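For reference, the structure is listed below as structure tokens.
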Amino acid sequence: MSYLALKLTQYGPPETSLQLVECQEEIPSSEEAVIHVDAVGMHIADSLTARGTEKLKEVPCIPGFEGVGTVKKLGSKAKRLKEGDKVLLPMGTGAMTQQIKLPTSSLTRVPEPYAPDEQLALITVNGFTAYFLLRDYMKLNQDDWIIQNAANSNVGRYLIALAKEEGIKTLNIVRRESLFSELIALGATEVILDSEHEEEKMLENILSKNIKLGIDAVAGPATERLAKSIANGGLIINYGTVTKEMCQISFWSLFRKKITLKGMSTLSGFETRTEARVKEIHKNLALMANQSLLQTKIAATYGLKDYLKAYNHIDRTGTERDGKVVLLPNN
């Protein structure tokens, strides 16, 4: 018996850097599990890694940063799981494969009833990112406000849902009015257009909320717009650069308002928590997905043999991508 895996053999365009390879059936050692990979969440990081723009994985390797699967075989001493269990793969695992062999201690069992595989496949990278953004940089109390741009991103959507669970209010900036109802349904307190963000009356309204924490995924001039919107002594956390520009923040925002700007890496959130705590958070994220509290907008799904179409799709932006892309290796 054999299975297919996608292999990144060198850095370059996906057409030349990636290839499907046939692998021998996996056999678990005593404390390992063989997982049938059901779904893989794809990210722009997959494209950047393939091209070598950001070398987040060394070649050769199996690409993919997160996924969900079903336990098919267990080693003789693997007692924590049973065959048929749904499990989340650890972050960073090369998930773009039909099968994967991992220590059972690294897997997070998903409680029943299960959310769709496409939803569960995306809660690891973006779920932990949203959780750490909300918990790690400022103590927030019930009825406090946060403001975020790129609120329609998957992290933005998760942040809305997690904040609502904590009783924290969110002011969400988007570029299209058609997104308002979607984000309100997820639990957003208020949604505004980026184009009206700096209007005098709008800015007065925002400042009246005494917002201390701004979440920036856009960078460029958008960072300064957040700085103008938060209270004196406030904090901006940057976790992305939709504009592909550096964060821009004026001397006057730093000097007069005493704004602090920090960068964020999801990996730093793992470093400050025990393995047991990380698994507990992972399980809770899965529970929220199962209860439809964490919901991802899915743009498209692709089989493993259509990996080039999937990579082409994740390179698109805005309405051309319109959600997250999921790979279904065994379809």
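The values are calculated or read from the model by the stated rules, or taken from the named source; none is laboratory data. No experiment lies behind these values; they were computed from the predicted model shown. Cβ placement follows ideal geometry from the backbone for every residue including glycine, while neighbour counts extend to all protein chains displayed.
Return the only residue of Ala276, Ala299 being among the hydrophobic types (A, V, I, L, M, F, W, C) and more than 25 Å from Glu166 (Cα to Cα). Let's see the steps before the verdict.
Working: Ala276 fails: more than 25 Å from Glu166 (Cα to Cα).
Answer to the selection: Ala299.
So that you can scan it fast, the table gives a plain yes or no per residue for (1) more than 22 Å from the chain's Cα centre (by Cα); (2) free of Cβ contacts under 8 Å to residues at least 60 places away in the same chain; (3) under 20 Å from Lys72 (Cβ atoms):
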position	(1), (2), (3)
Leu18	yes, no, no
Glu22	yes, yes, yes
Asp38	no, no, yes
Arg51	no, yes, no
Leu56	no, yes, no
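Return only the number of the condition from (1) within 15 Å of the chain's Cα centre (by Cα); (2) in the same structural domain as Leu20 (by TED's automatic domain parsing) that Gln98 does not satisfy.
(1)
So, of the residues in the stretch 269-293 that are under 15 Å from the mean Cα position of the chain (by Cα) and among the small types (Gly, Ala, Ser), which turns out to be surrounded by the fewest Cβ atoms within 10 Å (Cβ to Cβ)?
Among those residues, the one meeting the criterion is Gly269.
How many residues are touching a Ser or Thr at 6+ places or on another chain (Cβ under 6 Å) and of a type in the set (Gly, Ala, Ser) if we restrict to the stretch 179-213? So that I can check it myself, show each step before the final result.
We begin by selecting, within the stretch 179-213, every residue touching a Ser or Thr at 6+ places or on another chain (Cβ under 6 Å); these are 188-189, 206.
So of that shortlist, the ones also of a type in the set (Gly, Ala, Ser) come out as 188.
Residues in the stretch 179-213 being touching a Ser or Thr at 6+ places or on another chain (Cβ under 6 Å) and of a type in the set (Gly, Ala, Ser): 1 in total.
Report, ordered by the first and then the second residue, all pairs with beta carbons closer than 8 Å, sequence separation of six or more or different chains, a first member in the stretch 245-264 that is of a type outside the set (A, V, I, L, M), and a second member that is at pLDDT below 95.
Cys247/Thr241
Has the stretch 312-320 got at least one residue that is in the same structural domain as Leu56 (by TED's automatic domain parsing), out of contact with any Ser or Thr (no Cβ under 6 Å at 6 or more places or on another chain) and either on the phi > 0 side of the Ramachandran plot or of a type in the set (A, V, I, L, M) (or both)?
Filtering the stretch 312-320 for residues in the same structural domain as Leu56 (by TED's automatic domain parsing) gives 312-320.
Keeping just the survivors that are out of contact with any Ser or Thr (no Cβ under 6 Å at 6 or more places or on another chain) gives 312-313, 316-320.
Filter again for either on the phi > 0 side of the Ramachandran plot or of a type in the set (A, V, I, L, M) (or both), leaving 318.
Yes, the stretch 312-320 has at least one match.
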